[in-house]
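The values are calculated or read from the model by the stated rules, or taken from the named source; none is laboratory data. Here the structure is a predicted model, which is why all the values come from computation and not from measurement. We place every Cβ from the backbone using ideal geometry, glycine too, and count neighbours over all the protein chains shown.
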Amino acid sequence: MKKHRLVSLPSLREAARRDPNCPISYLKADTKPDSFLVSWGQGKIFCIRTYGCQANVRDSEIIRGFLLALGMKETDSFAEADFILFNTCAIRENAENHLYGELGQAKDAYEHKPELIIGICGCVMQEEVPVKHILDHFPFVSLIFGTNNMTSFYSLLEEVIKKNVLLVDVRSGSTAVEEGLPESKESRLSKVSAFVNIMYGCDKFCTYCIVPFTRGKERSRKVEDILSEVNCLKQEGYKQVTLLGQNVDAYGKDFGDKYAFADLLEKVALTGIPRIRFVTPYPSDFNTKVFDVMAKYPNVMPSLHLPVQSGSNAVLKRMNRRYTREQYLAIAHELRERLPDVYLTTDIIVGFPGETEADFEGTLSLCQEVKYDAAYTFIFSPRPGTPAYFMKDDTSMATKHERFDRLKDLIEKLTAEKADTAVNQDVEVLFEDVSKKDPSMITGYDRHNKLVHVKGDKSLIGQIRMVHILESHTYSLIGEVKDE
Ligand code: 5AD
Ligand code: SF4
């Protein structure tokens, strides 16, 4: 068993602390590797496994950038790797359990190659209990760090290599925005479509959610840093940016500007990058000025993901969501009226503590009224440390599953009906990749973010083309590319 050095491991309570007087600091991270790491990295191979949301995907891209700068190459296989990193997600229990399964497989690789370095980062590492579980049960792990000190990656790695210790360095909610992270095209997962963080953290504290603990205080990047990243991506040939934040419409609140997100979106539209998306807005921060920008700029894609979570006011209140069913419906109706072509999608949690049949029926009726174009549905997963974890919950798991199935059937019906309307229409598709299931097919997304498959070759990747839709399959469309 490795000796371990615990640099820092804050409690969830510490992570929840918000000091309204503490200013956000803007730092230029020093992320140049030294000669020791560069010579260590030459010829070595890394493997990154990423779970969870787009914020994690983006974080993994940043670490990928760090490793590529050491001259390392990437693999998908644990057996080939000299360094394996798990970037973890804490949002629901099953994501956490998946990590433990994968660690078991990494152990086999470690037994064949004892010099293999195994690291774990991301949201799960921001929680004390799982970190202690890993220390007790997975002694072959060498490096644990969280979401707030990724820019210390080189110094952490160097210490692990030189001292052969297990290093745990997890920092609680940062108040810093760090710029100067690796930005090379190679480090991004797709060469066509890129995630761009516009803000970090979340101050909403929905009672079921672990994110405000694992990702810290809301802090916005500066407009000029975001625009310079978007312009750079455009120059490198990227066709789409997705602006990322836990609640993007809170962007700029820390500068005291409530229209800041709509203004930022407009500035990004003016860069001329062909496609812009954004996730995720929060209903009570949502300012319909965003609709004006969506209406004015054709490069802002006509899709809006606006999580509702529940259609019952009683449940919304217990969730600490700061809007009512009626306020949410007012935004949805205004959207449908002003921008009838925009796809509206959502997130819904079923089986929140105390949810009654009548509450659940309120969710069903809201979905019917809004006519969502698609939705992500989840069964409530109690997250240790969050307020909902301690709430009385007397609904059986069987009832929760039964409600979940009823909701899923409704959402599938709405999604399929909408998908069917695309058949025999021409839609504009940005092609991103070869299909995972059938290498003779190329996949992309239409303006509504609907997955589209066509027969074709790799030369389509990166192109925006008109596609005639032949078939709809609820979650995807099949079509043929039209001649130019
Ligand atoms: N249980 C179930 N779903 C959750 N989500 C967040 N926390 C939980 C939880 N504890 C869902 C919400 C959120 C989406 C990203 O994940 O619907 O919008
Ligand atoms: Fe979690 Fe609510 Fe913040 Fe979304 S807004 S990240 S659900 S706390």
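Numbers at a glance
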{"item": "So Y297, is it surrounded by fewer than 20 Cβ atoms within 10 Å (Cβ to Cβ), within 16 Å of R447 (Cβ to Cβ) and aromatic (F, W, Y)", "result": "yes"}
{"item": "Which numbered condition D409 fails, given (1) without any contact (Cβ under 8 Å) to a residue 12 or more places away in the chain; (2) part of a loop (DSSP other than H, G, I, E, B)", "result": "(2)"}
{"item": "Contacts under 6 angstrom Cβ, first residue in segment 353-375 being within 19 Å of N320 (Cα to Cα) and touching a residue at least 12 places away in the same chain (Cβ under 8 Å), partner of a type in the set (A, V, I, L, M) and part of a loop (DSSP other than H, G, I, E, B), 6 or more apart", "result": "P353/M391"}
{"item": "Any hit, segment 314-333, residues being more than 16 Å from ligand 2 (Cβ to nearest atom), hydrophobic (A, V, I, L, M, F, W, C) and in contact with a strand residue (DSSP E or B) (Cβ under 9 Å, 6 or more places away or on another chain)", "result": "yes"}
{"item": "Residue list for segment 194-212, filter: farther than 15 Å from Y282 by Cα, away from ligand 1 (no atom under 16 Å from the Cβ) and hydrophobic (A, V, I, L, M, F, W, C)", "result": "A194, V196"}
{"item": "Hey, L85 at pLDDT 95 or above, farther than 18 Å from E127 by Cα and aliphatic (A, V, I, L, M) or not", "result": "no"}
{"item": "Only one of I48, I91 that is among the hydrophobic types (A, V, I, L, M, F, W, C) and free of Cβ contacts under 8 Å to residues at least 40 places away in the same chain", "result": "I48"}
{"item": "Sole exception among (1) closer than 27 Å to S172 by Cα; (2) touching a residue at least 40 places away in the same chain (Cβ under 8 Å); (3) buried (at least 20 other Cβ atoms within 10 Å of the Cβ); (4) not small (G, A, S) for R275, by number", "result": "(1)"}
{"item": "Filtered residue count, segment 213-227, keeping only those that are surrounded by fewer than 21 Cβ atoms within 10 Å (Cβ to Cβ) and within 12 Å of ligand 1 (Cβ to nearest atom)", "result": "0"}
{"item": "Residues (under 25 Å from the mean Cα position of the chain (by Cα), modelled with pLDDT under 90 and either surrounded by fewer than 17 Cβ atoms within 10 Å (Cβ to Cβ) or hydrophobic (A, V, I, L, M, F, W, C) (or both)) located in segment 153-174", "result": "none"}
{"item": "So D263, is it among the acidic types (D, E), out of contact with any strand residue (DSSP E or B) (no Cβ under 7 Å at 6 or more places or on another chain), part of a loop (DSSP other than H, G, I, E, B) and surrounded by fewer than 21 Cβ atoms within 10 Å (Cβ to Cβ)", "result": "no"}
{"item": "V279 within 16 Å of ligand 2 (Cβ to nearest atom), in contact with a Leu (Cβ under 7 Å, 6 or more places away or on another chain), farther than 20 Å from D249 by Cβ and at pLDDT 95 or above", "result": "no"}
{"item": "Hits in segment 5-37 (condition: surrounded by 15 or more Cβ atoms within 10 Å (Cβ to Cβ) and at pLDDT 85 or above)", "result": "P33, L37"}
{"item": "Matching residues, segment 94-117, being of a type outside the set (G, A, S) and either within 21 Å of R215 (Cα to Cα) or crowded, with 23+ Cβ neighbours inside 10 Å (or both)", "result": "N94, E96, N97, H98, L99"}
{"item": "Residues of segment 203-245 that turn out to be more than 13 Å from the chain's Cα centre (by Cα) and within 16 Å of ligand 2 (Cβ to nearest atom), as a count", "result": "16"}
{"item": "Selection count where residues are within 16 Å of ligand 1 (Cβ to nearest atom) and part of a strand (DSSP E or B), scope segment 228-245", "result": "2"}
{"item": "F145 vs. criteria within 18 Å of F83 (Cβ to Cβ) and touching a Cys at 6+ places or on another chain (Cβ under 7 Å)", "result": "yes"}
{"item": "Residue tally, condition in a loop (DSSP other than H, G, I, E, B) and out of contact with any Gly (no Cβ under 9 Å at 6 or more places or on another chain), over segment 246-260", "result": "4"}
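Each row is one residue, and each column tells you yes or no for (1) of a type in the set (K, R); (2) without any contact (Cβ under 8 Å) to a residue 40 or more places away in the chain; (3) assigned to a strand (DSSP E or B).
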site	(1), (2), (3)
K437	yes, yes, no
T443	no, yes, yes
H448	no, no, no
G462	no, no, no
R465	yes, yes, yes
H468	no, no, yes
L477	no, no, yes
E480	no, yes, yes
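Listed here are the residues, each with its yes/no results for (1) over 30 Å from S11 (Cα atoms); (2) out of contact with any strand residue (DSSP E or B) (no Cβ under 9 Å at 6 or more places or on another chain); (3) of a type in the set (A, V, I, L, M).
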position	(1), (2), (3)
K371	yes, no, no
S396	yes, yes, no
D405	yes, yes, no
I411	yes, no, yes
D420	yes, no, no
L430	yes, no, yes
D433	yes, no, no
